1. Using a basic spin-label model with each label point 7 Å from the Cα along Cα→Cβ, how many nm lie between R314 and K39?
2. How large is Rg over Rh for the range 308-367, taking Rg from the Cα atoms and Rh as the Kirkwood inverse mean of 1/r across Cα pairs?
3. Quick one: compute a quarter of the convex hull surface over the Cα atoms of the range 141-246 and quote it in nm².
4. Keeping every protein chain present and rolling a 1.4 Å probe, give me the accessible area per residue for the range 287-386 in Å².
5. Which trypsin sites (Lys or Arg not before Pro) in the range 212-260 sit in a loop by DSSP (not H, G, I, E or B) and have at most 11 other Cβ atoms within 10 Å of their own Cβ?
6. Roughly how many percent of the accessible protein surface of the chain is carbon and sulfur, given a 1.4 Å probe and a whole-percent answer?
7. Give me the 1.4 Å probe accessible area per residue for the range 128-261, excluding ligands and nucleic acids, in Å².
8. How high is the relative contact order of the chain, given as a whole-number percent (alpha carbon pairs under 8 Å, six or more residues apart)?
Amino acid sequence: MPQGTGFSVQLATRGRSLLSGLGVAVAIGLSACSSSPPKFEPAPLPPPAALLGANLAWSTQVGTSGTALMPLATPGRVFVAGATGTVAALDANTGKDVWRVDLRTGISAGVGSDGQMAAVITQSNELVAIVDGRELWRVRLPARSFTAPLVAGQRVFVLTADRSVTAFDGRSGARLWSQARPGEPLVLGQSGVLLAVGDTLVAGLSARLTGLNPLNGTVRWEALVASARGTNEVERLVDLVGTVSRQGDSVCTRAFGAAVGCVDTSRGAVVWSKPARGSTGVHGDDRMVFGTESDGRVIAWQRASGERSWEIERLKYRELTSPLTVGRVVAIGDSKGLVHLLSREDGTEMNRLTTDGSPIVGAPVLAGQTLVVQTRNGGVYGWRPQ
């Protein structure tokens, strides 16, 4: 679902696992190795099955991209950003620039947009709002952020690495309110969960999916998706990570290295939570939820109960992205720049798409009838599955 239609929004991205000290929200060079598999070489892939046609409709370049940068689809447009400062709105049908701007500073997270205003976060912790290719305002944040801003309801919402959610006025950049959940000594340096469901702002704060009043930040409900069980602070990290799967009031999400679960946001209750060892987000439809485990297994859970529908292992050790459900297939990127199209029903390979050979960042997105991915080298590709 595209970001920015009223307050019905969904976004996400994929990232490697840095850790941040909560007090200053500065990333330290420590990997969450307890939740990552040993490094194995993937098995060779057979020739692509090509059971589903997909034509490359367009491609463009946005510059080297970080792991917290991924395309965002809104009606008729695709918003992209490069790590060195480029932000662009693309026509979803042609891939041509609607507008493009160089902020002349590194970008660490984004893009968020309601289809008109775009917002990104710079490497110097500044939130920047852009309208029609012109910078509207920028404000300094109190901590780093690894999650794309959410633009909705003429406001910009930011989830920072000190586990705070802050709202800014979309026209002026004035700070409106802030809600924090302190306590844990470490936070995952990876894109989190921030979306709107009806008139509720939904954020991942540690392992809790939390419903907030977007007008003042008060907490409406909390739903614990997973409990920490490790023996040290690294192993006990269970932050919720993007992307999520939303169907109406049902939001399914992943707790890093611990679980996948679904929450009924109308009452703030966990419907189910199942153990899972992945580090990227999930996606799905009204019947199933799909996710990739840290070792490259792809799993489908039944949305109603959490029971497994199927599991495949042939993509193991390919460092997979979050999935995207597109009609009758599930699209998943990997670290070799491939996009795997799998049958939604049983995981059978339907086709395999190639890019520039660098890792796919974030997750694939759907812009109208166009499947869009972005690569580490800055390539942006749009396909039309047949």
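1. Distance between the two pseudo-spin positions: 2.7 nm.
2. My calculation puts Rg/Rh at 0.94.
3. On the way: hull surface 26.1 nm².
The directionally averaged projection comes out at 6.5 nm².
4. Result: 32 Å² per residue.
5. Taking the range 212-260 and a limit of 11 other Cβ atoms within 10 Å, the loop trypsin sites (Lys or Arg not before Pro) found are R229.
6. Within the chain, the accessible surface is 49 percent carbon and sulfur.
7. Working: 4660 Å² over 134 residues.
Dividing the accessible area of the range 128-261 by its residue count gives 35 Å².
8. Numbers: 1200 pairs, mean separation 69.0, N = 386.
Once divided by the residue count of the chain, the mean separation gives 18 percent.
The values are calculated or read from the model by the stated rules, or taken from the named source; none is laboratory data. Just so it is clear, the structure is predicted and the values come from calculations on it, not from any experiment. Glycine gets a Cβ as well: all are built from the backbone with ideal geometry, and neighbour counts include every protein chain shown. With ligands, DNA and RNA removed, areas are computed over all heavy atoms of the protein, side chains included. Shrake-Rupley method; radii C 1.70, N 1.55, O 1.52, S 1.80 Å.
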